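**Student:** Before I ask anything, let me first share the structure, which is written out below as structure tokens.
The values are calculated or read from the model by the stated rules, or taken from the named source; none is laboratory data. Bear in mind the structure is a predicted one, so any value in this text is a computation, not a measurement. Methodologically, a virtual Cβ is constructed for each residue, glycine included, from the backbone with ideal geometry; neighbour enumeration extends over all protein chains shown.
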């Protein structure tokens with residue numbers, strides 16, 4: 001986020017988005033750091049339902065990578081010198097992955113619909129993060145013109 005000239009307004013508009021989503025990702029990443037074996041296995045098995053290649057990783061390694069990824073995304077959002085487009089790309093990529101979970105894991109959606117079930121609400125809300133990520137990309141690209 002630059003705070004000079006016309007970019008000042010768009011940079012200021014990004015602050016609430018970047019702080020709220022960045023804090024969410026930081027908390028999520030730190031919560032997974034040092035997860036016990038049962039938690040690690042549960043998270044890995046859930047992710048492997050949609051993305052089978054993840055089942056080939058050691059569960060603890062998977063959770064360490066997930067934790068580090070979430071903390072890295074938090075950093076891109078929370079550090080003001082990281083360009084909006086870069087933060088947006090990181091957030092959009094992660095959100096697409098979680099939306100893939102929502103679409104592929106049985107029981108997340110009502111049958112024959114995109115509407116979430118009770119269990120699917122936690123993943124369905126990631127569509128908001130996707131929108132925020134795309135918005136940051138667009139704003140970042142327009143700042144650089």
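**Student:** Which condition number does residue 34 fail, the rest of (1) touching a helix residue (DSSP H, G or I) at 6+ places or on another chain (Cβ under 9 Å); (2) in a loop (DSSP other than H, G, I, E, B); (3) under 29 Å from residue 143 (Cα atoms) being met?
**Tutor:** The failed condition is (3).
**Student:** Could you list, in sequence order, all residues of the stretch 96-107 that are part of a helix (DSSP H, G or I) and touching a helix residue (DSSP H, G or I) at 6+ places or on another chain (Cβ under 6 Å)?
**Tutor:** 98, 99, 100, 101, 102, 104
**Student:** Okay, next question. Is it true that residue 53 is part of a helix (DSSP H, G or I), modelled with pLDDT of 95 or more and surrounded by fewer than 13 Cβ atoms within 10 Å (Cβ to Cβ)?
**Tutor:** Details: part of a helix (DSSP H, G or I): yes; modelled with pLDDT of 95 or more: yes; surrounded by fewer than 13 Cβ atoms within 10 Å (Cβ to Cβ): yes.
It is true that residue 53 is part of a helix (DSSP H, G or I), modelled with pLDDT of 95 or more and surrounded by fewer than 13 Cβ atoms within 10 Å (Cβ to Cβ).
**Student:** Any residue in the stretch 108-120 that is outside any loop (DSSP other than H, G, I, E, B), modelled with pLDDT under 95 and under 17 Å from the mean Cα position of the chain (by Cα)?
**Tutor:** Looking through the stretch 108-120, none of the residues is outside any loop (DSSP other than H, G, I, E, B), modelled with pLDDT under 95 and under 17 Å from the mean Cα position of the chain (by Cα).
**Student:** From the list 12, 74, 23, pick out the single residue that is exposed (fewer than 15 other Cβ atoms within 10 Å of the Cβ), under 23 Å from residue 134 (Cα atoms) and in contact with a helix residue (DSSP H, G or I) (Cβ under 9 Å, 6 or more places away or on another chain).
**Tutor:** 23
**Student:** Is at least one residue of the stretch 87-98 surrounded by 13 or more Cβ atoms within 10 Å (Cβ to Cβ) and farther than 30 Å from residue 143 by Cα? It would help to see each step written out before you state the result.
**Tutor:** First, pick out the residues of the stretch 87-98 that are surrounded by 13 or more Cβ atoms within 10 Å (Cβ to Cβ): 87-98.
Now drop any that are not farther than 30 Å from residue 143 by Cα, which leaves none.
Among the residues of the stretch 87-98, not one is surrounded by 13 or more Cβ atoms within 10 Å (Cβ to Cβ) and farther than 30 Å from residue 143 by Cα, which makes the answer no.
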